[in-house]
Amino acid sequence: MGTGKTTLINRVLDWLHQQTMRTAFIFNSRMNTTHLFDFILSEFEIPCDSRSKSQQLMKLNQWLLERYRSGETAVLIIDEAQNLTFPVLEEIRLLTNLETSTEKLLQIVLSGQPELEEKTKTS
Ligand SMILES: Nc1ncnc2c1ncn2[C@@H]1O[C@H](COP(=O)(O)OP(=O)(O)O)[C@@H](O)[C@H]1O
Ligand SMILES: [Mg+2]
């Protein structure tokens, strides 16, 4: 449904780049959990030699803490999120656990067709 979601995301990305924000934009939502972390690290330009998920997650956490300390906000935006598989959605949910005692380290925006709402409902 063309309701202007992608257009709006692109405007938001432009705006975020003018602020002290770091962004990762994922537009290809057909991926497995391995690709999710490859995409996120690559989009945030986080160097990581290892492709093991635990190493990547550690690097991401470290990098997010550094961003937090330097007053930068990190934003992950996923378009066409209705295509995400449940395992990938669960990984994304777990990313919300990256936090200090008071703040979330990563802001996450999911954009998608109406079925996304149904898919993300918890029982
Ligand atoms: N605010 C707007 N006013 C008029 N046309 C728009 C507006 N936002 C988007 N469009 C146009 O509508 C079409 C669909 O937009 P798009 O962002 O691709 O929608 P979606 O991502 O929701 O499918 C595109 O041709 C786009 O240029
Ligand atoms: Mg779109």
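Read-outs: derived from the displayed coordinates by stated rules, not from any lab. For clarity, every value in this text was computed on a predicted model and none was experimentally measured. As a convention, Cβ positions derive from the backbone with ideal geometry for all residues, glycine included, and neighbour counts pool all protein chains shown.
For segment 5-122, what is the percent of antiparallel DSSP beta bridges, rounded to the nearest 5? Numbers along the way, then the final one.
Working: 1 of 12 bridges.
Taking every DSSP beta bridge within segment 5-122, about 10 percent pair in antiparallel fashion.
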Under the Kirkwood approximation applied to all pairs of distinct alpha-carbon atoms, what is the hydrodynamic radius of segment 5-122 in Å? 14.8 Å
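Looking at this model, which pairs from Lys5/Lys121; Lys59/Lys119; Lys5/Lys119; Lys5/Lys53 are more than 27 angstrom apart at the alpha-carbon? Write down the numbers at each step before the final one.
Numbers: Lys5/Lys121 21 Å; Lys59/Lys119 29 Å; Lys5/Lys119 18 Å; Lys5/Lys53 30 Å.
Cα-Cα > 27 Å for Lys59/Lys119; Lys5/Lys53; rest within.
Just to verify a number: FRET efficiency for Thr3 and Arg93, C-beta to C-beta distance, R0 = 25 Å, to 0.05? Walk me through the intermediate numbers first.
Details: r = 25 Å, r/R0 = 1.00.
The computed FRET efficiency comes out at 0.50.
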Using label points projected 7 Å from each Cα along Cα→Cβ, tell me how many nm separate Gln107 and Ser50, to one decimal. 3.0 nm
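For the chain, which span is the longest to avoid every loop-located (per DSSP) member of trypsin sites (Lys or Arg not before Pro) having at most 11 other Cβ atoms inside 10 Å? The partial results should precede the final answer.
On the way: sites that count: Arg30, Arg51, Lys121.
It runs 52-120.
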So what's the net charge close to Ile9: Lys and Arg +1, Asp and Glu -1, counting the other residues with Cβ under 11 Å from its Cβ? -1
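Under a Cβ-Cβ cut-off of 12 Å, what is the net charge of the residues other than Asn97 that fall near it, where Lys and Arg count +1 and Asp and Glu count -1? Working shown, then result.
Details: positive: Arg93, Lys104; negative: Glu90, Glu91, Glu99.
Around Asn97, the surrounding residues sum to -1.
So which GluC sites (Glu not before Pro) in segment 1-85 are both in a DSSP loop and have at most 11 other Cβ atoms within 10 Å of their Cβ?
Values: sites: Glu43, Glu45, Glu66, Glu72, Glu80; in loops: Glu45, Glu72, Glu80.
Of the GluC sites (Glu not before Pro), the ones in loops of segment 1-85 whose Cβ has at most 11 other Cβ atoms within 10 Å are Glu45.
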